[in-house]
1. Trypsin sites (Lys or Arg not before Pro) within the range 1-87: which are DSSP loop residues with at most 14 other Cβ atoms inside 10 Å?
2. Mind putting a number on the dipole of the range 238-386 about its Cα centre? Charges go on the C-beta only, +1 for Lys and Arg and -1 for Asp and Glu, and I need it in Debye to the nearest 20.
3. Apply the Karplus curve 6.51 cos²θ - 1.76 cosθ + 1.60, θ = phi - 60°, to the phi angles in the range 369-375 and return the couplings in whole Hz, x for Gly and Pro.
4. Place +1 on the Cβ of every Lys and Arg and -1 on the Cβ of every Asp and Glu in the range 22-108, take the dipole about the Cα centre, and give the residue among 69, 59, 100 whose Cα lies farthest towards its positive end.
5. Any chance you could run the full-extension gain for residue 152 through residue 273? It's 0.36 nm times the residue separation minus the Cα-Cα distance, nm to one decimal.
6. Treating cross-link reach as a plain straight distance, find the lysines whose alpha-carbon is under 28 Å from the alpha-carbon of residue 339, omitting any fewer than eight places away in the same chain.
7. Give me the distance in nm between label points sitting 7 Å out from Cα along the Cα-to-Cβ direction at residue 69 and residue 5, one decimal.
8. Hey, got a sec? Which chymotrypsin sites (Phe, Trp or Tyr not before Pro) in the range 1-107 land in a DSSP loop and have at most 12 other Cβ atoms within 10 Å?
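None of the figures in this text is laboratory data; all of them are computed from the coordinates on show. Treat the numbers as computed from the prediction; the structure is a model and nothing was measured. Every residue, glycine among them, receives a Cβ derived from its backbone with ideal geometry; neighbour counts consider all protein chains shown.
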Amino acid sequence: MDEHVIRNYARAEEVFVSGKGCSVRDANGKEFLDFLSGLAVTALGYAYPPLVEAMRDQVGKLVHVSNLFRHPYTELVAGHLARHTELAASFFTNSGTESNEAAIKLARKYQRDRGQPERTSFVALHHAFHGRTCGSISITYKESYRAPFGQLLPVTFVPADDPNVLVQVVRNNKPAAVFLEPIQGEGGIYPLSHEFLRAARSVCDETGTLLVHDEIQSGLGRTGRFLAADWAGVKPDVITLAKPIAAGLPMGVMVVRQELAEVFKQGDHGSTFGGGPLVCRAALVFFEALEDGLLENVRVRGEQLGAGLERLRREFPLVAEVRGRGLMRGLRMARDAQKLQRDLYARGLIVNCTAGDVIRILPAFVVTAAEVDRGLEILAAGLRQL
Ligand SMILES: Cc1ncc(COP(=O)(O)O)c(C=O)c1O
């Protein structure tokens with residue numbers, strides 16, 4: 001009975017009860033091949049044995065301590081993040097949107113501390129998605145996500161493919177920060193060009209603007225490197241992460257460079273649950289897996305998936321374009337993709353339709369060669385049927 005649940009989601013009928021690897025099973029025993037992994041979250045698949053073991057152990061020891069006290073795992077996770085991002089320090093949250101809220105507050109306080117308190121506005125991109133809290137919807141492009149909620153933060157949106165416009169707007173507006181996703185996720189798996197990423201870095205340097213990379217969907221290995229922006233060799237001032245970091249448990253993080261680690265003083269920001277022992281233990285399992293060959297699996301399976309999707313594009317004229325990198329892929333259709341997504345679901349393949357005409361494919365990092373082949377076969381069958 002869902003009468004007591006607010007109806008803000010378009011949920012499918014099926015009730016999922018268990019999973020193993022990339023397969024998930026509903027209450028009637030029907031099995032689905034999951035190429036969405038809970039919207040880029042369950043990177044280690046379902047019931048990953050080391051995660052199951054670590055969680056059982058940790059629940060029996062310590063689930064929560066407030067941030068007034070230390071436990072053994074926060075600092076270890078922060079160490080992994082510092083090593084992989086080459087940035088200095090982390091603030092832990094419970095979700096992507098909270099990581100962006102932290103970055104919004106940090107950018108404003110940073111400007112204020114530098115004697116420029118008037119720099120409270122932001123620049124974000126057309127088709128950007130940064131989350132659902134008030135700060136994050138302010139920098140999210142879709143009008144329908146913002147319009148019902150009244151006065152939000154001052155934000156100027158610029159095209160995602162024109163470095164010149166970005167440079168002009170940042171020079172004129174002197175915002176607190178520029179927010180961008182190196183590969184836009186909800187916006188249709190749209191990779192920003194290296195030229196655009198570099199232009200953003202350089203105009204932010206020139207104007208004293210913070211550059212925030214939202215790698216909540218594209219980061220933590222999904223494209224075959226730790227960060228999607230690593231492919232362009234661009235380092236932001238702030239990175240926001242979440243989704244796969246604790247392999248399905250709710251965790252987010254904002255990672256900042258050294259100078260910015262001093263912006264939040266005691267009491268300036270906080271989160272009751274952020275960085276608790278259970279989620280940090282899960283994150284350690286994730287990092288161990290990533291450092292033990294999983295990133296290589298993303299690269300190899302990502303190439304297999306990309307090549308297979310290109311074959312589909314050549315075979316089916318309704319496929320207009322293959323986008324993305326690694327295990328973050330989009331199939332842009334020459335028409336609305338919703339019908340295809342529903343048909344694939346009926347055939348037992350879970351993918352998602354985003355930006356109206358894009359089939360979004362985000363398998364778990366543990367996906368096997370056979371599973372990639374099977375996913376491609378189901379996709380081909382769905383396309384043939386169209
Ligand atoms: C790029 C990006 N930023 C932020 C978010 C918001 O994350 P959350 O839903 O965990 O708040 C998402 C979620 O899809 C995302 O893809």
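1. 7, 11, 30, 61, 70
2. So the magnitude is around 580 debye.
3. 4, 5, 5, 4, 4, 5, x
4. Selected residue: 69.
5. The span from residue 152 to residue 273 would gain 40.9 nm if fully extended.
6. 20, 30, 142, 243
7. In this crude spin-label approximation the distance works out to 3.4 nm.
8. Hits after loop and neighbour filter: 9, 69.
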